[in-house]
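The values are calculated or read from the model by the stated rules, or taken from the named source; none is laboratory data. Quantities reported herein were computed from a predicted structural model and do not represent experimental measurements. When we count neighbours, we look across all protein chains shown, and the Cβ atoms used for this are built from the backbone with ideal geometry, even at glycine.
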Amino acid sequence: MAKKPKTAIQPTRQEDYPEWYQQVIRAAELAEVSPVRGCMVIKPWGYSLWENMQAVLDKMFKDTGHENAYFPLFIPMSFLEKEAEHVEGFAKECAVVTHHRLEPGPDGGLVPAGPLEEPLIVRPTSETIIGSMYAKWIQSYRDLPILINQWANVVRWELRTRLFLRTAEFLWQEGHTAHATEQEAREETMQMLKVYADFAENYMAMPVIQGEKTAGERFPGAVATYSIEAMMQDRKALQAGTSHFLGQNFSKAQEIKFQDQNGQEVFAWTTSWGVSTRLVGGLIMTHADDDGLVLPPRLAPKHVVILPIYRNDEEQATVLEYCQKLSEELSSQSYDGQPIRVMIDKRDLRGGEKNWYHVKRGVPIRMEVGPRDVAADSVFMARRDTSDKSGIGRREIVQTIGKVLKEIQDGLFERARQMRDDNTHEITSLDDFHSLFPPTDDDAKGPATGGFAICHWKESPEVEALLKERKLTIRCVPFGEENAQGTCIFSGRPSQGRAVFAKAY
RNA sequence: CGGGGUGUAGCUCAGCCUGGCUAGAGCGCUACGUUCGGGACGUAGAGGUCGCAAGUUCGAAUCUUGUCACCCCGACCA
């Protein structure tokens, strides 16, 4: 008999974190690499998860006054050229469409024909195309604010790709707003960052640090970029969402102007903000374990899977009938304002195999129902987050299911927060900084050493060089730390605040 | 775009150095049987133009050249 692996996923997080990540995605059937270089196929389980994220975020956007719209996939190349920094930021990774037709080639294949007068780029982001429309739509202060979001795919021609974290094409939402005053635009930028933080923490159960990006990490063309930063289980940072205050940079480049109440022609103030399918990667790396995915109940495609167990037709009939009733009773209960999402897995598979299938996919609660349970009017329940397993009366679990799910949701957040806090260090000396990030762990396959370092700093070439050498980045300057008084641990000069340093995805 | 590596069954790979009958293994898949409350076992099967193209040879997965694709490491990035 073959030796049973101890964990469903191999290697474990400890042995080889990047490989573990890929194996979780495969085992949980979230996505696969596609025949198209750098692009992924999101499979039903993964897409369902994304749909749940979309549904929650979409409601949050609408509750804050935004409307959805849709702008073209293609952007005239000249549009991108308008904002200098923006060009520089994206030019290197644009897919360019140069022809509009295919013709039979000399060797039997097809060759592009019908060259375009002006090449089109596939949107890497939509500031320019949306801005060009805003320029038309906005004439008066009465036309403002414009608060629009779009759900779309974008393409950034990445060389090194990883499923969900960095793919050439990805799905996201991008909010684009225009305002009459700087203050209003700044408030919008902050409001949406808060929405993201709320979503990350309360739905994904992923604790985040909110803060402002440093000049070097800023969105191309933005005046200020804010982000939410999460710590993955390997202690690396993941930028999970960004909100940009664009000032008047884009409105000046694109002539988005209006007459104010004094009849003066002035430029609008704009913002943009987005989160992407990268969040799925963040969810995996925050909660998944060596047995596969672990889903927070608020986003799980299914809350409960019922696994009928029987040996013969007679047992099958009674067990399935019982499962059906259980499913209906559970579905009539609610969690998070919605009916409990239940599925019965009736597939003709062995019990153990079927059980592991759902473990790997991260279903929060599994309920095994066999003849013994039917007889005792109970179920055998297993929690994905704690591996707690126990028999429980049917009536009891139906009544408490919502409470159990809440407990799981809260527990996941608490566990992640604990992990993050345990690995966040306030560093006050260069020696401590070096010992937190020793230079030798670059090729380590397990968790990165270090975690988050919070330290005083002052922007300078030396700091940049050191960070580059150690493959470290400044994640953000957390709110409240901008004006912290102190001494830069690198240069000894007066600090410009405290920032979070970490290795990052 | 620099440096390194790999292309053989759905997946992971062996075989290549030293050319030779019908190209292999594990997993997965199909059927049947025994099983079934934590990843079952047995038996029988299906599945490959050995990345592609030329060349050398009586004979090429194996040697040579070209070509394409992908992976890893650097530079860049949500």
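The table for this structure:
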read-out: Positions within the range A:127-142 being part of a helix (DSSP H, G or I) and of a type in the set (Ser, Thr, Tyr), in sequence order; value: A:Thr128, A:Ser132, A:Tyr134, A:Tyr141
read-out: Output for the range A:370-386, where each listed residue is in contact (Cβ under 8 Å) with a residue 40 or more places away in the chain and either near RNA strand B (Cβ under 9 Å from one of its atoms) or under 19 Å from A:Ala317 (Cβ atoms) (or both); value: A:Gly370, A:Pro371, A:Asp373, A:Val374, A:Val379
read-out: Selection status of A:Asn68, in contact with a helix residue (DSSP H, G or I) (Cβ under 8 Å, 6 or more places away or on another chain), surrounded by 13 or more Cβ atoms within 10 Å (Cβ to Cβ), under 30 Å from A:Pro297 (Cβ atoms) and among the polar types (S, T, N, Q); value: yes
read-out: Matching option when the condition is within 28 Å of A:Pro478 (Cα to Cα), within 12 Å of RNA strand B (Cβ to nearest atom) and at pLDDT 95 or above, among A:Ala230, A:Ala237, A:Ala224; value: A:Ala230
read-out: Residue list for the range A:110-147, filter: free of Cβ contacts under 8 Å to residues at least 12 places away in the same chain and under 24 Å from A:Asn262 (Cβ atoms); value: A:Lys136, A:Trp137, A:Arg142
read-out: Any pair with Cβ under 7 angstrom, 6 or more apart, that starts in the range A:401-422 at a residue that is assigned by TED's automatic domain parsing to the domain that holds A:Ser390 and closer than 12 Å to A:His287 by Cα and ends at one that is charged (D, E, K, R) and not in a helix (DSSP H, G or I); value: A:Ile408/A:Arg383; A:Ile408/A:Asp385; A:Gln409/A:Arg298; A:Gly411/A:Asp385; A:Leu412/A:Asp385
read-out: Residue list for the range A:167-194, filter: surrounded by fewer than 22 Cβ atoms within 10 Å (Cβ to Cβ), in contact (Cβ under 8 Å) with a residue 40 or more places away in the chain and not in a strand (DSSP E or B); value: A:Ala168, A:Ala180, A:Thr181, A:Glu182, A:Glu184, A:Arg186, A:Met190, A:Gln191
read-out: Helices (runs of 4 or more DSSP H) wholly inside the range A:1-120 that include at least 1 residues being within 30 Å of A:Thr225 (Cβ to Cβ) and within 15 Å of RNA strand B (Cβ to nearest atom); value: A:17-27, A:44-63, A:84-90
